[in-house]
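Q: A single structure is presented below for examination.
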Amino acid sequence: MSRIPLEQLASHATALVADGKGILAADESTPTCTKRFQALGIGSSEASRRDYREMLFTTPGLGDFVSGAILYDETIRQSAANGTPIPALLEKQGIVPGIKVDTGAKPLAGSPEEKVTEGLDGLRDRVAAYYDLGARFAKWRAVITIGAGIPSPACIEVNAHALARYARLCQEGGLVPIVEPEVLMDGDHDIERCEAVTNATLHAVFHALFQQGVALEGMVLKPNMVIAGKACAAQADVEEVAMRTLRCLRRTVPAAVPGVAFLSGGQSDEAATEHLNAMNALAGPHPWKLSFSYGRALQDLAMKRWKGASENVGVAQQALFCRAKFNSAASRGIYSVEMEQELKAA
Ligand code: 13P
């Protein structure tokens with residue numbers, strides 16, 4: 001028995017990838033957020049993390065380009081300085097609140113260089129609590145590392161299984177699951193290897209989703225793009241990334257899935273936008289929407305400009321607004337590098 005009918009779940013999933021819209025991932029765990037703040041000399045406290053997220057979510061006009069925002073457990077329970085609960089603040093902008101429900105990627109027993117994502121214990125109750133707090137979608141991130149002899153079939157299998165268990169529990173509880181199997185960019189592997197591993201991973205994930213009866217119409221896939229490892233000397237051009245990523249998705253992702261919202265994974269802001277644009281501009285039509293669910297590629301410049309100071313809120317919001325606007329254009333295949341002038345002029 002599901003808390004809401006499948007049709008409603010499917011319409012929530014479709015809304016997350018509505019024309020010209022994507023997702024803002026702002027669900028960094030406290031340790032990750034602290035690391036990013038510290039790199040910029042920003043103090044990390046419950047209050048400063050709240051101020052930062054409030055700055056992001058009150059960006060004027062953000063709702064024109066952003067359908068949903070993924071929150072961390074701390075944030076969904078916080079209120080803005082004026083007392084408005086964060087989920088209500090988002091709803092005022094027309095942005096659907098979402099929640100990260102995994103509890104992190106931990107070393108895989110027997111193969112410590114690999115990871116398995118935890119968080120299934122007690123998940124049914126947490127989903128119900130998050131629904132009551134206003135969340136309408138959720139996220140679970142599985143991590144697949146490429147290296148000598150890895151990923152192992154076992155690593156892919158356990159992560160796919162956990163993603164499917166999470167997705168089914170979310171759908172039962174009325175949340176649209178964002179299914180995120182991330183093949184990392186870390187390493188010196190070439191793009192060919194990334195394509196092979198992404199292909200195997202997505203294949204295993206959709207097999208597990210099928211086995212566990214997840215309704216594909218009521219979910220969104222959040223994959224990596226097919227891209228060479230960061231330390232690989234041969235970096236593919238934009239067209240090759242777009243072509244290989246699309247080929248991989250066509251081979252593995254059923255047309256019943258309403259949308260694919262990519263993670264940025266450590267790509268530069270502009271590269272993440274250009275790659276998404278190329279996929280939407282070069283080849284089509286696609287069976288699913290191709291959009292974004294970026295964390296760093298939306299937030300990096302905004303965080304750098306904010307620096308923890310309230311007088312910088314305006315320039316920081318301008319950075320987030322522009323990146324969201326550019327990625328919105330990329331999701332329609334109408335982005336051009338000239339648009340970046342709007343951001344550089346500020
Ligand atoms: P990045 O876009 O920074 O990879 O973050 C997206 C995300 O949600 C990772 O889980």
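Q: Which value, in debye to the nearest 20, gives the size of the charge dipole of segment 155-298 about its Cα centre, when Lys and Arg are +1 and Asp and Glu are -1 at the Cβ?
A: Values: 11 positive and 16 negative charges, 101 e Å.
With Lys and Arg at +1 and Asp and Glu at -1, about 480 debye.
Q: Relative contact order for the chain: what percent, with Cα pairs under 8 Å and sequence separation of 6 or more? Don't jump to the answer; show the numbers that get you there.
A: Working: 697 pairs, mean separation 64.2, N = 346.
Relative contact order of the chain: 19 percent.
Q: Counting DSSP beta bridges in segment 131-220, what percent are antiparallel, to the nearest 5?
A: Of the beta bridges lying entirely in segment 131-220, close to 10 percent run antiparallel.
Q: On to the next question. Which of 92/325; 115/344; 100/344; 92/230 have a Cα-Cα distance over 30 Å?
A: 115/344; 100/344; 92/230
Q: Okay, next question. If you take every DSSP beta bridge whose two residues both sit in the chain, what share of them, in percent to the nearest 5, is antiparallel?
A: 15
Q: Across every pair of different alpha-carbon atoms, what Kirkwood hydrodynamic radius in Å does the chain reach? Working shown, then result.
A: On the way: mean 1/r = 0.0499 Å⁻¹.
The answer is 20.1 Å.
Q: May I ask which residue of 103, 117, 72 lies farthest towards the positive end of the charge dipole of segment 69-117, with charges of +1 (Lys, Arg) and -1 (Asp, Glu) on Cβ and the Cα centre as origin?
A: About the Cα centre, the residue reaching furthest to the positive side is 72.
Just so you know, all these numbers are worked out from the coordinates, no wet-lab data involved. Owing to the predicted nature of the structure, the values given are computational and were not obtained by experimental measurement. All Cβ positions, even for glycine, are placed from backbone atoms using ideal geometry, and neighbour counts span all protein chains on display.
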